[in-house]
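Working notes, structure below.
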Amino acid sequence: MKFIFLGLITLLLLTWIPLQIVFALKIKMALSKLRRNDQIREEDALQFYNSIRTIWWIPHSTKYFSRMREAYAYIYQSPLVSYEMKLQVYKSLKFRSVKGINMPKQYYKAK
């Protein structure tokens, strides 16, 4: 019984640690792609959203949560990204427990 318990803990650690590293690298790469652009377009936001969807959880460190907030700020402030895409990114980050991000506002054109 003791060996089974130790084996399960070892197996858990051997899968958890590499996943933490992979998720951290995905966050870093997604943010660096957004930083390279002068203007964030709809395609850039969609690419960021698709890469974030593959991340199961965000490594519990203020560095990675700050990177996610920074990436969201780029998308949030871009006038070229639609409200629906901003909302999808917002919901995805809220699902992953990113705090301190504003819900996007939908502006209506005057008739």
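Here are a few things to note about the model shown:
- Projecting the Cα atoms of Phe48, Asn102, Leu8 onto the dipole axis of the chain, where Lys and Arg carry +1 and Asp and Glu carry -1 at the beta carbon, places Asn102 farthest toward the positive end.
- Additional length obtainable on full extension of the chain from Ile9 to Gln39, 0.36 nm per residue less Cα span: 6.2 nm
- Each Lys or Arg adds one and each Asp or Glu takes one away; over the other residues whose Cβ falls under 11 Å from the Cβ of Ala24, this sums to +4.
- The ranking of Val81, Val98 from fewest to most other beta carbons within 10 Å of each one's beta carbon is Val98, Val81.
- Every helix of 4 or more DSSP H residues in the chain counts as -39500 (n - 2.57), and over all residues that averages to -23500 deg cm²/dmol at 222 nm.
- For the chain, the extents of the C-alpha atoms along the principal axes are 72, 26, 21 Å, listed from largest to smallest.
- Hydrophobic long helices, here whole DSSP H runs in the chain with Kyte-Doolittle means of at least 1.0 and Cα atoms spread over 24 Å or more along the helix axis, are found at 2-36.
- Where labels lie 7 Å past Cα in the beta-carbon direction, separation of Lys26 and Met1 in nm: 3.8
None of the figures in this text is laboratory data; all of them are computed from the coordinates on show. Quantities reported herein were computed from a predicted structural model and do not represent experimental measurements. Glycine also receives a Cβ, built like all others from the backbone with ideal geometry; neighbour counts cover every protein chain displayed.
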